[in-house]
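*Asks:* Below: one structure in structure tokens.
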Amino acid sequence: MAVVRVGLVQMALKAPTAAPVAAIRDAMNAAHAEQVRQAAAQGVQVICFQEVFNAPYFCPVAEPRWLEAAERVPEGPTTQLMCQLARTHGMVIVVPLYRRHDDGRKTNTAVVIDADGSVLGTYEKTHIPTIGSHLHTMISNQDRGTERFWFEPGTTGFAVFQTRYLKLGVYICYDRHFPEGWRALGLAGAEYVVNPSATWKGLSQHLWTIEQPAAAVANGFFVGAINRVGIEAPWSIGEFYGSSYVVDPRGRILAQGPDDRDALVVTDIDLDVARAAKDTWRFDEHRRPETYGSLTS
């Protein structure tokens, strides 16, 4: 057996949204650093946080101060802290944050840090949504108050990172509704794909345990689905419902967090199960890409 112990962290905001942006960042970084230490004590080898983990989900508003949440990679304080923790605990850490690039671009990015503390690379959220139309009454034009106001579409493609423990892929939140990226990660050899999210009760909650298990089955890999919890005032767009889980390539949920409080979800994944699932279904062999041209037009 090739068993890897994985962890997911779901967490409510640890400072009021009215606090200085740096203070919120520092509070969330400290809280997640403690979760990394607890995970290390339980033998976790690969851990992932929620989408833009060290800030509120500020996308419903167009307040310029949230631009301060964007950090550079790898020299920013959050990446530096997490590299140190990864090195100390021999743990792969996936760090989803708001990134400011040298050319001025700003992206919804996950930094993949290997167990030796080195940055293997990044994934940028590919599919950028608008928030539900009911929120457009709060804003003055189409994109203000939506993710498109804050994040530019990613340009990294769908890389798979060879970490110390497994081949890791990343997809972020709204991406999960698009099967093309899941397939690209599977074809590139991903054994475990994490999907950090910020999703509230309502429109898509019923899909939470449908789409990602389906992607795991269709592509023969494990999926770690992470979601934040709580209500973030003052915009209070809804209640983030947690329920973070790990699902295997047979569609079985191995471990799941609660929907209303912080949690560290820990479970073991057996990579031989993924290999057996691929050998059983042989989807890769039976694909007919020559017939799929219309999908890219």
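*Asks:* For segment 225-235, which positions are in contact with a helix residue (DSSP H, G or I) (Cβ under 9 Å, 6 or more places away or on another chain) and of a type outside the set (Phe, Trp, Tyr)?
*Replies:* Restricting attention to segment 225-235, the residues satisfying the condition of being in contact with a helix residue (DSSP H, G or I) (Cβ under 9 Å, 6 or more places away or on another chain) are 225, 227, 235.
Those that are in contact with a helix residue (DSSP H, G or I) (Cβ under 9 Å, 6 or more places away or on another chain) and of a type outside the set (Phe, Trp, Tyr): ALA225, ASN227.
*Asks:* So which residues in segment 202-220 are surrounded by fewer than 18 Cβ atoms within 10 Å (Cβ to Cβ), modelled with pLDDT of 95 or more and not in a helix (DSSP H, G or I)?
*Replies:* THR209, ILE210, listed by residue number.
Yes/no matrix, rows are residues, columns are (1) under 19 Å from VAL44 (Cα atoms); (2) in contact (Cβ under 8 Å) with a residue 60 or more places away in the chain:
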| site | (1), (2) |
| --- | --- |
| PRO213 | no, no |
| PHE221 | yes, no |
| GLY251 | no, no |
| ASP259 | no, no |
| ASP262 | yes, yes |
| ASP284 | no, yes |
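*Asks:* In the list ALA39, ALA110, ALA62, which residue meets the criterion of being touching a helix residue (DSSP H, G or I) at 6+ places or on another chain (Cβ under 9 Å) and within 21 Å of VAL170 (Cα to Cα)? Spell out how you get there, then give the answer.
*Replies:* Details: ALA110 fails: touching a helix residue (DSSP H, G or I) at 6+ places or on another chain (Cβ under 9 Å); ALA62 fails: within 21 Å of VAL170 (Cα to Cα).
From the options ALA39, ALA110, ALA62, the qualifying one is ALA39.
*Asks:* Same structure again: Hey, among GLU180, GLU152, which residue is of a type outside the set (Val, Ile, Thr), farther than 15 Å from VAL246 by Cβ, assigned to a loop (DSSP other than H, G, I, E, B) and touching a residue at least 40 places away in the same chain (Cβ under 8 Å)?
*Replies:* Values: GLU180 fails: assigned to a loop (DSSP other than H, G, I, E, B).
Selected residue: GLU152, the only one of GLU180, GLU152 that is of a type outside the set (Val, Ile, Thr), farther than 15 Å from VAL246 by Cβ, assigned to a loop (DSSP other than H, G, I, E, B) and touching a residue at least 40 places away in the same chain (Cβ under 8 Å).
*Asks:* Scan segment 1-17 for residues that are free of Cβ contacts under 8 Å to residues at least 40 places away in the same chain and surrounded by fewer than 16 Cβ atoms within 10 Å (Cβ to Cβ) and jot them down. Please lay out each step first, then the result.
*Replies:* Filtering segment 1-17 down to residues free of Cβ contacts under 8 Å to residues at least 40 places away in the same chain leaves 14-15.
Passing the criteria: none in range.
*Asks:* Considering only residues that are surrounded by fewer than 16 Cβ atoms within 10 Å (Cβ to Cβ) and of a type in the set (D, E, K, R), look in segment 137-151 and name the one that is modelled with the highest pLDDT. Walk me through how you get there before you give the answer.
*Replies:* Step one: of segment 137-151, the residues surrounded by fewer than 16 Cβ atoms within 10 Å (Cβ to Cβ) are 137-138, 140-144.
Subset that is of a type in the set (D, E, K, R): 143-144.
On the way: ASP143: 49, ARG144: 52.
If we take residues in segment 137-151 being surrounded by fewer than 16 Cβ atoms within 10 Å (Cβ to Cβ) and of a type in the set (D, E, K, R), then ARG144 is modelled with the highest pLDDT.
*Asks:* Is it fair to say LEU254 is of a type outside the set (S, T, N, Q), out of contact with any Leu (no Cβ under 7 Å at 6 or more places or on another chain), in a strand (DSSP E or B) and surrounded by 19 or more Cβ atoms within 10 Å (Cβ to Cβ)?
*Replies:* no
*Asks:* Okay, next question. Could you say which residue among VAL95, VAL52 is within 24 Å of VAL4 (Cβ to Cβ) and among the hydrophobic types (A, V, I, L, M, F, W, C)?
*Replies:* Details: VAL52 fails: within 24 Å of VAL4 (Cβ to Cβ).
Selected residue: VAL95, the only one of VAL95, VAL52 that is within 24 Å of VAL4 (Cβ to Cβ) and among the hydrophobic types (A, V, I, L, M, F, W, C).
*Asks:* Within segment 41-64, is there a residue that is at positive phi and either at pLDDT 95 or above or among the charged types (D, E, K, R) (or both)?
*Replies:* Just the residues of segment 41-64 that are at positive phi, to begin with: 43, 52.
Now restrict to residues that are either at pLDDT 95 or above or among the charged types (D, E, K, R) (or both): 43, 52.
Scanning segment 41-64, I find at least one residue that is at positive phi and either at pLDDT 95 or above or among the charged types (D, E, K, R) (or both), so the answer is yes.
*Asks:* Testing THR163 on (1) without any contact (Cβ under 8 Å) to a residue 60 or more places away in the chain; (2) closer than 25 Å to ASP268 by Cα, one condition comes back false. Which one is that?
*Replies:* Answer for THR163: the failing condition is (1).
*Asks:* Also, quick follow-up: Against the definition (β-branched (Val, Ile, Thr), in contact (Cβ under 8 Å) with a residue 12 or more places away in the chain and within 18 Å of VAL265 (Cβ to Cβ)), how does VAL52 come out, yes or no?
*Replies:* Working: β-branched (Val, Ile, Thr): yes; in contact (Cβ under 8 Å) with a residue 12 or more places away in the chain: yes; within 18 Å of VAL265 (Cβ to Cβ): no.
So VAL52 fails the test.
*Asks:* If you don't mind, there's one more thing I want to ask. From the set of residues in segment 271-297 that are touching an Asp or Glu at 6+ places or on another chain (Cβ under 8 Å) and not small (Gly, Ala, Ser), which is nearest to ILE226 (Cα to Cα)?
*Replies:* Result: LEU271.
*Asks:* Also, I was wondering about something else. Within the group LEU254, LEU271, LEU185, LEU207, which residue is under 27 Å from GLN162 (Cβ atoms) and within 17 Å of the chain's Cα centre (by Cα)? Quick ask: steps written out before the conclusion?
*Replies:* Working: LEU254 fails: within 17 Å of the chain's Cα centre (by Cα); LEU271 fails: within 17 Å of the chain's Cα centre (by Cα); LEU207 fails: under 27 Å from GLN162 (Cβ atoms).
Of the residues listed, the single one that is under 27 Å from GLN162 (Cβ atoms) and within 17 Å of the chain's Cα centre (by Cα) is LEU185.
*Asks:* Okay, next question. Any residue that is among the basic types (Lys, Arg) and either touching a strand residue (DSSP E or B) at 6+ places or on another chain (Cβ under 7 Å) or under 21 Å from CYS173 (Cβ atoms) (or both) - is there at least one of those in segment 237-251? Give the derivation first.
*Replies:* Step one: list which residues in segment 237-251 are among the basic types (Lys, Arg), which gives 250.
With either touching a strand residue (DSSP E or B) at 6+ places or on another chain (Cβ under 7 Å) or under 21 Å from CYS173 (Cβ atoms) (or both) added as a condition, the list becomes none.
For segment 237-251, residues among the basic types (Lys, Arg) and either touching a strand residue (DSSP E or B) at 6+ places or on another chain (Cβ under 7 Å) or under 21 Å from CYS173 (Cβ atoms) (or both): absent.
*Asks:* Read through the list (1) surrounded by fewer than 21 Cβ atoms within 10 Å (Cβ to Cβ); (2) farther than 21 Å from ASP175 by Cα; (3) not aromatic (Phe, Trp, Tyr), then give the number of the only condition that THR79 fails.
*Replies:* The single condition THR79 does not satisfy is (1).
The values are calculated or read from the model by the stated rules, or taken from the named source; none is laboratory data. No experiment lies behind these values; they were computed from the predicted model shown. For neighbour counting, all protein chains shown are included, and Cβ atoms are generated from backbone atoms with ideal geometry for every residue, glycine included.
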